[in-house]
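Chemist: Got a structure for you, written out below as structure tokens; questions coming shortly.
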Amino acid sequence: MSNTLHTPPGPGGPELLDLTIDNITPNTILINSQSSNARLKYVLARLVTHLHDFARETRLSTDEWMAAITFLIACGQICSDVRNEFILLSDVLGLSLLVDNINHPKPQGSTEGSVLGPFHTHDAPTLENGATMTSDPEGEPMLAICSVKDTKGKPVAGVKVDIWETDSSGHYDVQHSDRGEPSERCVMETDAEGRFWFKAIKPVSYPIPHDGPVGKLLMMLGRHCWRPAHVHFMFGKEGWDRLTTALYLRGDPYETSDAVFGVKKSLIIDLDRVDAATANEYGVKEGTWLLKQDFVLTTEQETADLRDQLAADALKKLGLNLKLVDHLPVPDVD
């Protein structure tokens with residue numbers, strides 16, 4: 001990285017004098033508009049507009065403003081390599097799901113996305129189909145048999161699949177101080193017929209981390225910190241839109257009040273029991289819990305086209321004079 005100091009801009013820019021409650025917003029936008037990056041200018045202009053309007057509408061007090069800054073500092077201080085409090089904050093505010101829905105819209109018939117959550121890691125072992133991804137002796141054994149197809153029903157081979165869940169106590173492996181190696185997580189690849197299968201444990205409900213600032217916020221809001229039982233999946237292959245999703249067990253007590261808003265009706269599933277023939281084929285005990293699911297991926301082009309269409313419709317409805325550049329809206333000044 002270069003140690004060269006950038007020379008600050010000299011005089012001659014916008015004059016910022018006698019700033020008031022009423023004129024601080026356009027002046028802030030004006031001085032932020034000297035960049036040549038049209039997208040950056042637009043995003044900052046809208047951010048400043050909404051932040052300032054929020055302060056004016058709520059008559060934000062200095063004490064409240066300082067409390068918010070202290071809260072954000074605390075979020076940063078509790079973050080680590082295995083815990084991201086800012087992702088958790090984004091999750092509980094519904095922002096994670098909103099951003100995912102905007103950026104990865106799903107054509108009808110394809111698998112919907114869900115939140116990534118704060119506990120995905122990059123050290124999961126790569127396992128062969130049929131392997132066991134759990135080391136928890138207390139969990140109820142579960143066999144998962146899945147496939148990946150395109151929107152026309154054709155299998156998609158060679159898809160990298162990240163899979164992770166909690167142990168039977170409702171904790172991810174990284175939440176244990178004595179974690180030695182990854183458990184309840186793995187990476188697999190779909191075979192020539194788009195299939196992948198693995199042995200795991202039946203997922204359980206669990207609380208999101210509530211010993212930090214986000215947990216305190218939930219308590220102040222009178223909200224619970226629980227997530228319904230689920231298994232996370234993330235699919236990636238060149239040319240295909242990355243899918244981050246999860247499958248949720250029907251009937252879970254938190255099915256309709258997920259603390260991070262991740263549940264969608266199409267992602268709620270029923271578990272079955274392994275019959276004798278399946279037990280013999282996959283090398284598990286008859287009666288083991290059985291998860292069966294067909295995932296449907298979309299291509300990057302399918303998603304980009306739908307995203308542009310939805311963006312154009314939304315911008316028109318808002319009455320904004322914008323155009324799309326690299327699939328992102330910027331002011332249309334041509």
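The values are calculated or read from the model by the stated rules, or taken from the named source; none is laboratory data. Predicted model, so just to flag it, every value in this text is computed and none were measured. So basically every Cβ, Gly included, is an ideal-geometry build from the backbone, and we count neighbours across all protein chains shown.
Chemist: Of the residues that make up segment 63-79, is at least one exposed (fewer than 14 other Cβ atoms within 10 Å of the Cβ) and either part of a loop (DSSP other than H, G, I, E, B) or touching a Cys at 6+ places or on another chain (Cβ under 6 Å) (or both)?
Modeler: no
Chemist: Okay, moving on. State whether one or more residues within segment 249-258 are of a type in the set (S, T, N, Q), assigned by TED's automatic domain parsing to the domain that holds Leu290, touching a Leu at 6+ places or on another chain (Cβ under 7 Å) and not in a helix (DSSP H, G or I). Working first, answer last.
Modeler: Keep residues of segment 249-258 that are of a type in the set (S, T, N, Q), which gives 256-257.
Going one step further and asking which of them are assigned by TED's automatic domain parsing to the domain that holds Leu290, we end up with 256-257.
From what is left, the residues that are touching a Leu at 6+ places or on another chain (Cβ under 7 Å) are none.
There is no residue in segment 249-258 that is of a type in the set (S, T, N, Q), assigned by TED's automatic domain parsing to the domain that holds Leu290, touching a Leu at 6+ places or on another chain (Cβ under 7 Å) and not in a helix (DSSP H, G or I).
Chemist: Does segment 127-134 contain any residue that is part of a loop (DSSP other than H, G, I, E, B), in the same structural domain as Tyr282 (by TED's automatic domain parsing) and closer than 28 Å to Thr303 by Cβ?
Modeler: Yes, there is a match, as at least one residue in segment 127-134 is part of a loop (DSSP other than H, G, I, E, B), in the same structural domain as Tyr282 (by TED's automatic domain parsing) and closer than 28 Å to Thr303 by Cβ.
Chemist: Which of the residues belonging to segment 287-311 are assigned to a loop (DSSP other than H, G, I, E, B) and under 24 Å from Asp252 (Cα atoms)? Don't jump to the end; show me each part of the working.
Modeler: The first filter runs over segment 287-311 and keeps only residues assigned to a loop (DSSP other than H, G, I, E, B), leaving 287-288, 297-298.
Within segment 287-311, Gly287, Thr288 qualify.
Chemist: Of the residues Gln301, Gln293, which single one is loosely packed, with under 15 Cβ neighbours inside 10 Å and within 30 Å of Thr151 (Cα to Cα)?
Modeler: Numbers: Gln293 fails: loosely packed, with under 15 Cβ neighbours inside 10 Å.
Just one listed residue meets the conditions, Gln301.
Chemist: Please determine, by comparing only the residues of segment 154-174 that are in a loop (DSSP other than H, G, I, E, B) and either outside the structural domain of Arg242 (by TED's automatic domain parsing) or touching a residue at least 60 places away in the same chain (Cβ under 8 Å) (or both), which one is surrounded by the fewest Cβ atoms within 10 Å (Cβ to Cβ). Spell out the reasoning first.
Modeler: Of the residues in segment 154-174, the ones in a loop (DSSP other than H, G, I, E, B) are 154, 156-159, 165-172.
After this cut, where a residue has to be either outside the structural domain of Arg242 (by TED's automatic domain parsing) or touching a residue at least 60 places away in the same chain (Cβ under 8 Å) (or both) as well, the list is 156, 158-159, 165.
Numbers: Val156: 20, Gly158: 12, Val159: 20, Glu165: 27.
Among them, the one singled out is Gly158.
Chemist: Could you list, in sequence order, the residues of segment 26-59 that are farther than 19 Å from Leu322 by Cα and modelled with pLDDT of 95 or more?
Modeler: Listed by number, the residues that qualify are Leu51, His52, Asp53, Phe54, Ala55, Arg56, Glu57, Thr58, Arg59.
Chemist: Now a separate question. Name the pairs: first residue in segment 193-206 and farther than 18 Å from Ile268 by Cβ and without any contact (Cβ under 8 Å) to a residue 40 or more places away in the chain, second residue among the hydroxyl-bearing types (Ser, Thr, Tyr) and in a strand (DSSP E or B), Cβ to Cβ under 6 Å, at least 6 apart or on different chains?
Modeler: Pairs that qualify, where the first residue is farther than 18 Å from Ile268 by Cβ and without any contact (Cβ under 8 Å) to a residue 40 or more places away in the chain and the partner is among the hydroxyl-bearing types (Ser, Thr, Tyr) and in a strand (DSSP E or B): there are none.
Chemist: Another question, if that's okay. Could you check Phe235 against (1) part of a helix (DSSP H, G or I); (2) touching a residue at least 60 places away in the same chain (Cβ under 8 Å) and say which number it fails?
Modeler: Going through the list (1) part of a helix (DSSP H, G or I); (2) touching a residue at least 60 places away in the same chain (Cβ under 8 Å), Phe235 breaks only (1).
Chemist: Check Ser177 against each of (1) of a type in the set (S, T, N, Q); (2) more than 23 Å from the chain's Cα centre (by Cα); (3) surrounded by 15 or more Cβ atoms within 10 Å (Cβ to Cβ) and name the one condition it does not meet.
Modeler: All conditions are met except number (3).
Chemist: Would you pick out the residues in segment 142-200 that are at pLDDT below 95 and aliphatic (A, V, I, L, M)?
Modeler: Answer for segment 142-200, where residues must be at pLDDT below 95 and aliphatic (A, V, I, L, M): just Val174.
Chemist: Related question: Return the pair list, or none, for Cβ contacts closer than 6 Å from residues in segment 18-36 that are closer than 20 Å to Val330 by Cβ to residues that are assigned to a loop (DSSP other than H, G, I, E, B), at least 6 apart or on different chains.
Modeler: Listed pairs, sorted by first residue: Leu30/Pro14; Ile31/Pro14.
Chemist: State which residue is farthest from the chain's Cα centre (by Cα) when the search covers only segment 108-136 and only residues that are more than 25 Å from Ser168 (Cα to Cα) and surrounded by 14 or more Cβ atoms within 10 Å (Cβ to Cβ).
Modeler: Restricting attention to segment 108-136, the residues satisfying the condition of being more than 25 Å from Ser168 (Cα to Cα) are 108-112.
Those left that are additionally surrounded by 14 or more Cβ atoms within 10 Å (Cβ to Cβ): 110-112.
Details: Ser110: 18, Thr111: 15, Glu112: 12 Å.
By that ranking, first place goes to Ser110.
Chemist: Looking at segment 79-107, which of its residues are modelled with pLDDT of 95 or more, within 19 Å of Tyr172 (Cβ to Cβ) and of a type in the set (A, V, I, L, M)?
Modeler: Across segment 79-107, the qualifying residues are Leu89, Val92.
Chemist: Among (1) surrounded by 19 or more Cβ atoms within 10 Å (Cβ to Cβ); (2) part of a helix (DSSP H, G or I), there is one condition Met220 misses while meeting the rest; what is its number?
Modeler: (1)
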